[in-house]
1. Contact list please: Cβ distance under 9 Å, first residue in segment 212-236 and farther than 20 Å from TYR201 by Cβ, second residue of a type in the set (Phe, Trp, Tyr), pairs at least six apart or on different chains.
2. Just checking, does segment 164-183 include any residue being more than 13 Å from ILE231 (Cβ to Cβ), open to solvent by 20 Å² or more (accessible area, probe 1.4 Å) and aliphatic (A, V, I, L, M)?
3. Quick one: what pairs do we get from segment 109-129, first residue more than 14 Å from TYR167 (Cβ to Cβ), second open to solvent by less than 60 Å² (accessible area, probe 1.4 Å) and at pLDDT below 85, C-beta under 8 Å, 6+ apart or different chains?
4. Among the residues of segment 224-232, is any open to solvent by 90 Å² or more (accessible area, probe 1.4 Å) and either touching a strand residue (DSSP E or B) at 6+ places or on another chain (Cβ under 7 Å) or part of a loop (DSSP other than H, G, I, E, B) (or both)?
5. Select from segment 90-131 the residues that are out of contact with any strand residue (DSSP E or B) (no Cβ under 8 Å at 6 or more places or on another chain) and aromatic (Phe, Trp, Tyr) and write down the one among them that is least open to solvent (accessible area, probe 1.4 Å).
6. For segment 184-196, which positions are in contact with a Lys or Arg (Cβ under 6 Å, 6 or more places away or on another chain) and either closer than 26 Å to GLU115 by Cα or open to solvent by less than 70 Å² (accessible area, probe 1.4 Å) (or both)?
7. Residue check, GLU219 against (1) under 30 Å from THR100 (Cβ atoms); (2) not in a helix (DSSP H, G or I), all met but one. Which one?
Amino acid sequence: MSLEEITDEATDEQVEPAAENGAVSPAQAAADTQDATDEEETEESEGSEESEEALTDTADAEEAEDAQSDDSGSAKPTLTDEELDKVADTAIETLRGILTFFGAGDATIDEYEGEEGELILDVVDADLAVLIGRYGKTLDALQFLVASVVNKKIGFRYPIVIDIEGYRNRRRQKLESMARSSAQRCIQSRRDVRLRPMTPYERRIIHIILRNEHRVFTESEGEEPNRSVVIRLDEG
């Protein structure tokens with residue numbers, strides 16, 4: 001099956017919703033470069049290969065479902081151990097099939113459960129920085145593609161997160177620091193604080209991090225690709 005056929009399968013039907021010896025891996029280098037540009041407002045245009053464009057185009061189909069992955073947590077169904085194994089096996093098989101087109105079909109895929117109960121698949125030991133992309137947008141597209149195929153195969157929606165060499169974990173730590181410092185700035189200044197435009201996945205992380213901070217509340221405003229989180233003082 002070609003990458004285009006996998007993409008078509010994902011969009012045909014919408015289902016409800018560390019390198020050794022101190023060496024820096026390509027994915028780590030990509031993440032470090034990303035962190036360095038987060039504080040800048042300059043926009044850069046980047047060339048992309050046909051395979052990357054196919055994944056990014058797939059992510060466009062997710063725009064109608066932003067509210068589900070953005071402003072609220074994903075509902076996780078209660079499954080038996082056998083059903084959970086089936087979800088994980090299907091997700092790994094689907095992801096590995098896509099990685100084959102990038103010459104990484106034999107890459108190690110670590111599987112574990114996230115803080116919100118989601119299934120996390122972290123691809124390691126592979127030169128796949130191209131699948132992270134600017135601000136992780138290509139990785140988001142890959143995640144949407146895998147989740148769409150898996151949800152269609154198993155017949156229900158289950159939260160799945162795709163990571164590459166821990167990029168999302170490092171990104172989440174940076175977003176958590178940004179969210180908390182911005183919330184404090186909102187409280188001290190008593191003014192709204194608008195964060196830079198983010199992907200749906202990143203915005204959802206901000207909402208989750210601050211949902212127990214009772215002095216402020218968060219909302220998403222704007223249209224893609226400039227949709228962003230606004231932190232407001234809760235005066236209720």
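1. The qualifying pairs are ARG232/PHE217; LEU233/PHE217; ASP234/PHE217; GLY236/PHE217.
2. no
3. As it stands, the answer is GLU116/GLY73; GLU116/SER74; GLU118/SER74, since those pairs meet every condition given.
4. So far as segment 224-232 goes, yes, one or more of its residues are open to solvent by 90 Å² or more (accessible area, probe 1.4 Å) and either touching a strand residue (DSSP E or B) at 6+ places or on another chain (Cβ under 7 Å) or part of a loop (DSSP other than H, G, I, E, B) (or both).
5. PHE102
6. From segment 184-196, those in contact with a Lys or Arg (Cβ under 6 Å, 6 or more places away or on another chain) are 187, 192-193; that's our starting set.
Matches in segment 184-196: ILE187, VAL193.
7. So GLU219 meets the others, but not (1).
Residue by residue, here is whether (1) at pLDDT 95 or above; (2) farther than 30 Å from GLU111 by Cβ holds:
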site	(1), (2)
TYR135	no, no
PHE156	no, no
MET178	yes, no
ILE187	yes, yes
GLU202	no, no
ILE205	no, no
PHE217	yes, yes
GLU223	no, yes
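The values are calculated or read from the model by the stated rules, or taken from the named source; none is laboratory data. Keep in mind that this is a model prediction, so the values were computed, not measured. Ideal geometry is used to build each Cβ from the backbone, glycine not excepted, and the neighbour counts take in all protein chains shown. Ligands, DNA and RNA are stripped out before the accessible areas are found, and what is left, the full protein with its side chains, is counted by its heavy atoms. Shrake-Rupley method; radii C 1.70, N 1.55, O 1.52, S 1.80 Å.
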